[in-house]
Amino acid sequence: MLNSSNTPPLLAAHGLAFSRNDEPVFGPLDLQVDAGEALLVQGDNGAGKTTLLRVLAGLLRPGSGTIQIDGRPAGHRERAQFVAYLSHLPGLKPDLDTLENLNFLCGLHGRRARQMPGNALAIVGLAGFENTLVRQLSAGQKRRLALARIWLSPAPLWLLDEPYANLDLDGINLVNRMISAHLRSGGAALVTTHGAYAAPPVRTRLVHLGGAGQAVAGQSPVLPEVRA
Amino acid sequence: MIAPGTEPGLWQTARALAGRDLRLLWRRRGDALQPLLFALLVVVLFALALGRDPPLMAKVAAAVLWLAVLLAGQLSLDSLFRSDAEDGSLEQWLLAPVPLAWLVLVRVLVHWATTALPMIVVAPLLAEMLHLPHDQLPILLASLLLGTPLLSLIGGVVAALTVSIRRSGILVALLALPLFVPVLVFGAGSVAAAARGQDPVGALLLLGAGLVVALVLAPLATAAAIRISLS
Amino acid sequence: MNSLVRWFHQLGSPPTFDRFASRWSRVFTIAALPVLLIGIWQGIFVVPAEQTQGDAFRIIYIHVPSAWMSLFVFALMALYSAIALVWRIKICEILAMACAPMGAGFTLITLLTGSIWGKGTWGTWWDWDPRMTSELILLFLYLGVIGLYHAIEDRRSAARAAGLLAIVGVGLLPIIRYSVDWWGGLHQRQSVNVFGDNAVRPELIAPLWWMVVATKLWFVGSLLAKARADNLSREAGKAWVAQRLGTEPAGELQR
């Protein structure tokens, strides 16, 4: 799905850098994600992938650089409209069941048209668990529930932090299928992963966060990656 | 292209959040009674410490009740944001289409309704235990109704500032109690003024005015504190 | 005007601030000494003893300037924090957090001297005077800011959180004072009149102004020195620090 040069990329970052306690975590970094594209952020543990995602999600302020969403400077409105963020912590209440959690999150963030919590559960393989408390789910099942939440989100840009964690092969395929479907309908996804073992089978750009906070953006249909 | 979904407004998000909190409270009904029990404990301990002396108790009843409610409220501050911060829900609030301050306001008010309001309902019983003169009871209840939401709003700022600190211990009390002083002074003081034959309405009006201002400013400060704590 | 703005901007850079602070902290601290000595000498020897209180009242020449400083430093801390929160300037965070222990110190001196004076004049170490009670609450606010700053691991988040608390505190401070005054008035106790029953004579005031100026000078000198030290320790491991201190870059200073 080629992007016409008139439409601005869903997400664009220029000169993005972040440091903590005066230690550089990543950057300066340029990256861009267009509709229908996936961007894979690779790096070892501690290379700053999660921090990068948090900066893009608006939870952290970058030390330098700018972020544009849909061509406009990224502010609260733009993020609420365009960004869905899946972090390490799933944002699920253990004392509520799966449906209650999804209904609440849809009430807070909105719901994609023509999608309902019930069939989202079926898509992620949790059909039949409608009334199970999240406390009683396994780690993999909780991860699937979080994916169901992302599926229901109306936002076109998915920021997924280690979506393959805690999932078996079946789950990994699920994530890939969801990302592919999302991209086909015009969305985009930015995915972090610390291994080369799982990647969405779609046209993917690649950013590798290496040592000393260096980052190199490259383009590759399939991995091998370009190291910093 | 993805069809635009339904973007919730202020009212829908408030309903969603309040509904969630009430449902969560119902799942842990036992926990909901804890502030109440603590207030009762404080009253009992005061009675034991003062000695079995009804006239003395009557003189200090309003102050003891105010202290019991205030201390129980301060202890319950931890439950305001901590669980949402720990499971990642709080982060998602920042991405909601409504201002974070609005969600904070809804959360604080629901928290007040579920922690402080039960204590106010039980206050007449506790007042009876401490031999509070009956003509002071309406003023005491009025001061509690105006003062406890203020305590929740101010406490929200402190809770947000300390939400990412493990085992904050005495720090929350150290931060919150000085900020509670005006509320305590005017709250308990209104009853003390009435007991002395002075007009309590001035103090109550000040509490009311403070409440109005806090309803606007406290959520804004709390939202800023949440952003700092999550960074 | 432009050059002033540019100079402020440059001051935000850690090496420039270090140079500025090391020179001016010395200047201010040295300037404070003679002023302090004059104030104390005037307060002890020149000013005549007061009728009812005797020589005990001389302690107000420490008490009142300390009280004013305790309030001034809190307001300054809130101002630095506000600048740091809005413009994210690290030096302002450092300055704000350096203010806190000094302000707490002034508050403590105020409380101790007030207590001593109270003992001297009406026989009790503490009698819940509204102004002293407010001062005690101010001490708790300071301790809260310091405590919060040390409870958070990341130094910058810690400074921002403690700074927000300082701003909230400075907003509530007038309300706290008002409420405590109201509380003190409920019982219609005699309020403390610093100079006793006499009309305030000009020669009694003069040492006060000397002491006020002295405490301000000394505070600026100490603030710059402490901020400089914090700045250096935060930047430890950087090349410019090693150069300035004439040592090898040794990596992170261990706390």
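Let's see how each residue does on (1) farther than 30 Å from residue B:214 by Cβ; (2) at pLDDT 70 or above; (3) not in a helix (DSSP H, G or I):
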| site | (1), (2), (3) |
| --- | --- |
| C:175 | no, yes, no |
| C:183 | no, yes, no |
| C:187 | no, no, yes |
| C:195 | yes, no, yes |
| C:200 | yes, no, yes |
| C:205 | yes, yes, no |
| C:210 | yes, yes, no |
| C:214 | yes, yes, no |
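Only one of the numbered conditions (1) closer than 17 Å to residue A:173 by Cα; (2) at the interface with chain B (Cβ under 9 Å from one of its Cβ atoms) is not met by residue A:125, and that is (2).
One residue is enough: does segment C:148-170 have a residue meeting the conditions among the small types (Gly, Ala, Ser), more than 10 Å from chain B (Cβ to nearest Cβ) and buried (at least 20 other Cβ atoms within 10 Å of the Cβ)? Checking segment C:148-170: at least one residue is among the small types (Gly, Ala, Ser), more than 10 Å from chain B (Cβ to nearest Cβ) and buried (at least 20 other Cβ atoms within 10 Å of the Cβ). Close contacts from segment A:1-14, counting a first residue that is under 12 Å from residue A:56 (Cα atoms) and modelled with pLDDT under 85 and a second that is small (Gly, Ala, Ser) and surrounded by fewer than 14 Cβ atoms within 10 Å (Cβ to Cβ), with Cβ to Cβ under 8 Å and a gap of 6+ residues or different chains, come to none at all. Do you know which of the residues in segment A:78-92 that are more than 8 Å from chain B (Cβ to nearest Cβ) and farther than 19 Å from residue A:48 by Cα is modelled with the highest pLDDT? Taking the candidates together, the pick is A:82. For residue B:31, the test of being within 14 Å of chain A (Cβ to nearest Cβ), buried (at least 19 other Cβ atoms within 10 Å of the Cβ) and part of a helix (DSSP H, G or I) is failed. Residues that are more than 27 Å from residue C:157 (Cβ to Cβ), surrounded by fewer than 21 Cβ atoms within 10 Å (Cβ to Cβ) and more than 10 Å from every other protein chain (Cβ to nearest Cβ) within segment B:198-220 comprise B:199, B:201, B:205, B:208, B:209, B:211, B:212, B:215, listed in sequence order.
Checking each residue in segment B:58-87 for being over 20 Å from the mean Cα position of the chain (by Cα) and within 19 Å of residue B:111 (Cα to Cα) picks out B:86, B:87.
Of B:223, B:195, which residue is surrounded by fewer than 24 Cβ atoms within 10 Å (Cβ to Cβ) and farther than 28 Å from residue B:78 by Cβ? Just one listed residue meets the conditions, B:195.
Just one of the numbered conditions (1) away from chain C (no Cβ under 11 Å); (2) part of a helix (DSSP H, G or I) is not true of residue B:131: (2). Of the residues making up segment B:65-79, those that are touching a Pro at 6+ places or on another chain (Cβ under 9 Å) and not small (Gly, Ala, Ser) are B:69, B:75. Checked against the criterion of being at pLDDT below 85 and not charged (D, E, K, R), segment C:217-232 has no qualifying residue. Of the residues B:174, B:140, B:150, the single one that is touching a residue at least 60 places away in the same chain (Cβ under 8 Å), under 25 Å from residue C:173 (Cβ atoms) and of a type in the set (A, V, I, L, M, F, W, C) is B:150. Condition first: assigned to a helix (DSSP H, G or I) and in contact with a Gly (Cβ under 7 Å, 6 or more places away or on another chain). Can you find one or more residues in segment C:1-23 that meet it? Taking every residue of segment C:1-23 in turn, none turns out to be assigned to a helix (DSSP H, G or I) and in contact with a Gly (Cβ under 7 Å, 6 or more places away or on another chain). Of all the criteria given as (1) away from chain B (no Cβ under 12 Å); (2) touching a residue at least 12 places away in the same chain (Cβ under 8 Å), the one not satisfied by residue A:138 is (2). With respect to residue B:231, determine if the residue is surrounded by fewer than 18 Cβ atoms within 10 Å (Cβ to Cβ), polar (S, T, N, Q), over 29 Å from residue B:62 (Cβ atoms) and more than 15 Å from the chain's Cα centre (by Cα). Taking the combined requirement at face value, the residue satisfies it. Note on segment A:119-152: among residues that are touching a Phe, Trp or Tyr at 6+ places or on another chain (Cβ under 9 Å) and assigned to a loop (DSSP other than H, G, I, E, B), the one that is nearest to residue A:55 (Cα to Cα) is A:124. Report whether or not residue B:152 is in contact with a Ser or Thr (Cβ under 7 Å, 6 or more places away or on another chain) and either more than 8 Å from chain C (Cβ to nearest Cβ) or at negative phi (or both). The answer is no for residue B:152.
For segment C:105-131, the candidate set comprises residues that are within 14 Å of chain B (Cβ to nearest Cβ) and surrounded by 15 or more Cβ atoms within 10 Å (Cβ to Cβ); within that set, the residue that is modelled with the highest pLDDT is C:107. At pLDDT 95 or above, within 27 Å of residue A:106 (Cβ to Cβ) and either outside any helix (DSSP H, G or I) or not hydroxyl-bearing (Ser, Thr, Tyr) (or both), is that true of residue B:107? It is true that residue B:107 is at pLDDT 95 or above, within 27 Å of residue A:106 (Cβ to Cβ) and either outside any helix (DSSP H, G or I) or not hydroxyl-bearing (Ser, Thr, Tyr) (or both). Candidates in segment A:40-77 are the residues that are part of a helix (DSSP H, G or I) and at the interface with chain B (Cβ under 9 Å from one of its Cβ atoms); of these, the one that is nearest to residue A:17 (Cα to Cα) is A:54. Would you mind stating whether residue C:102 is at pLDDT below 95, assigned to a helix (DSSP H, G or I) and under 19 Å from the mean Cα position of the chain (by Cα)? Against the criterion (at pLDDT below 95, assigned to a helix (DSSP H, G or I) and under 19 Å from the mean Cα position of the chain (by Cα)), residue C:102 does not qualify. Number of residues in segment B:168-183 that are within 16 Å of residue C:150 (Cα to Cα), at the interface with another protein chain (Cβ under 7 Å from one of its Cβ atoms) and in a helix (DSSP H, G or I): the value is 3. Answer yes if at least one residue in segment B:54-67 is within 13 Å of chain A (Cβ to nearest Cβ), among the basic types (Lys, Arg) and in a helix (DSSP H, G or I), and no otherwise. Within segment B:54-67, not a single residue is within 13 Å of chain A (Cβ to nearest Cβ), among the basic types (Lys, Arg) and in a helix (DSSP H, G or I). Note on segment A:105-145: residues that are under 19 Å from residue A:81 (Cα atoms) and touching a Gly at 6+ places or on another chain (Cβ under 7 Å) total 4. When segment B:62-81 is examined, which residues are found to be surrounded by fewer than 21 Cβ atoms within 10 Å (Cβ to Cβ) and farther than 11 Å from residue B:156 by Cα? Within segment B:62-81, B:63, B:67, B:71, B:75 meet the criteria. For segment A:93-122, residues that are within 7 Å of another protein chain (Cβ to nearest Cβ) and small (Gly, Ala, Ser) total 3. The set of residues in segment B:100-125 that are β-branched (Val, Ile, Thr) and surrounded by 22 or more Cβ atoms within 10 Å (Cβ to Cβ) comprises B:104, B:108, B:115.
The values are calculated or read from the model by the stated rules, or taken from the named source; none is laboratory data. This structure is a prediction, so every number in the text was calculated from the model and none was measured. We place every Cβ from the backbone using ideal geometry, glycine too, and count neighbours over all the protein chains shown.
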